[in-house]
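Worksheet for the structure shown next.
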Amino acid sequence: MARVSGRSCIVTGAARGIGRAIGEALLDEGADVLFADINGAQARQVADANAGRGAGKVAWAEVDVTNRSQVIAMIDKAVAAFGKLDVKFNNAGVNKPMNFLDVTEDNWNFIMGVNGLGCLIGMQEAARQFIRQGTPGKIVNTASIASRQGFDNVAPYCASKWSVVSLTQSAARDLAKHDITVTSFAPGVVATEMWEEVDRDLMEIGAADRPGQAMEEFSSEILKGRVATPADITGTTTFLASHESDYMTGQVVMIDGGMTLV
């Protein structure tokens, strides 16, 4: 299949986990993909590993999504490599669990900066590129089950992902006149490096007693009966990047195995 053949895409947070899987799935369906990450060395390794995959071109960029000039440079690099930009995935995200009463300003600002401000900047600069090109465009944001329900040990993360949903809706309303759609998807428990880090952090703050406990407890009510893999996410993300979703905007697609019914 080639659902996104000829489409030029950027994926942030693409050096590992869901972001890498999104980019690789897009390549498999014919897209040009720029893998972007704050860890430039890892982004380059992923791009090199995927050179020649599918029919599309591959590029990479080091980017701090909270730094507007770096985001602009990343978009410029994609346009130089591919000739245009069609789809921008704002996937970069961070989490650092703390018990609710222990949350600090630094913890809040770090998480909200990357997950909230980074999403805003990414949407703004992608939209400006689409408008300069005079072409339709798609923006796809990574939300979370935490955008629909608050959890006690990750309050700033929950707030940041609620902000992603709000930003998705606000941008969809404003950018529709430019033929730019804005959607988001909300994964649940996904077996990635981030979840391994969250598991360790929860043990450090006394919210879990043993490795794997956090994932077991969070996933105990998944109707599908198992945690997700990144491959469970990419069918939806490729759909959101394709022409098949052209009549969708302002929506959040839950991909959580039935963990959160909204």
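The values are calculated or read from the model by the stated rules, or taken from the named source; none is laboratory data. Small disclaimer: the values here were computed from a predicted structure and weren't measured. Virtual Cβ from ideal backbone geometry, glycine too; neighbours counted across all protein chains shown.
What do you reckon, is VAL79 among the aliphatic types (A, V, I, L, M), within 22 Å of GLU196 (Cα to Cα) and modelled with pLDDT of 95 or more?
When the stated conditions are applied, VAL79 does not pass them.
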Just checking, how many residues over the stretch 152-191 are not aliphatic (A, V, I, L, M) and not in a helix (DSSP H, G or I)?
9
Determine whether the stretch 149-162 contains at least one residue that is acidic (Asp, Glu) and touching a helix residue (DSSP H, G or I) at 6+ places or on another chain (Cβ under 8 Å).
yes
Of these, ALA78, ALA47, which one is in a helix (DSSP H, G or I), within 22 Å of GLN133 (Cα to Cα), in contact (Cβ under 8 Å) with a residue 12 or more places away in the chain and more than 17 Å from the chain's Cα centre (by Cα)?
ALA78
Please specify each residue of the stretch 51-70 satisfying the condition of being in contact (Cβ under 8 Å) with a residue 12 or more places away in the chain, in a loop (DSSP other than H, G, I, E, B) and closer than 16 Å to GLY30 by Cβ.
ARG53, GLY54, ALA55, GLY56, LYS57
Being touching a Ser or Thr at 6+ places or on another chain (Cβ under 7 Å) and at positive phi, is that true of even one residue in the stretch 242-251?
yes
Residue list for the stretch 30-69, restricted to those being closer than 26 Å to HIS243 by Cβ and in contact with a Gly (Cβ under 7 Å, 6 or more places away or on another chain):
GLY30, ALA31, ASP32, VAL33, PHE35, GLY54, ALA55, GLY56
Filter the stretch 23-44 down to the residues that are surrounded by fewer than 21 Cβ atoms within 10 Å (Cβ to Cβ), free of Cβ contacts under 8 Å to residues at least 40 places away in the same chain and under 18 Å from GLY93 (Cβ atoms) and list them by number.
ASN39, GLY40, GLN42
Qualifying position, being at pLDDT 95 or above, more than 18 Å from VAL79 (Cα to Cα), under 16 Å from the mean Cα position of the chain (by Cα) and outside any loop (DSSP other than H, G, I, E, B), among ALA41, ALA36, ALA15, ALA25
ALA25
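For (1) in contact with a Pro (Cβ under 9 Å, 6 or more places away or on another chain); (2) surrounded by fewer than 19 Cβ atoms within 10 Å (Cβ to Cβ), each residue gets a yes or a no:
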site	(1), (2)
LEU202	yes, no
GLN213	no, yes
GLU216	no, yes
SER219	no, no
THR229	no, yes
LEU240	no, no
Within the stretch 71-115, restricting attention to residues that are touching a Lys or Arg at 6+ places or on another chain (Cβ under 7 Å), of a type in the set (A, V, I, L, M, F, W, C) and closer than 20 Å to GLY30 by Cα, which residue is surrounded by the most Cβ atoms within 10 Å (Cβ to Cβ)?
VAL87
Only one of (1) outside any helix (DSSP H, G or I); (2) touching a Phe, Trp or Tyr at 6+ places or on another chain (Cβ under 6 Å); (3) more than 18 Å from GLN251 (Cβ to Cβ) does not apply to VAL140, and that is (3)
Quick one: TRP108 ticks every box in (1) within 26 Å of ALA78 (Cα to Cα); (2) in a helix (DSSP H, G or I); (3) over 13 Å from the mean Cα position of the chain (by Cα) bar one, so which box is it?
(1)
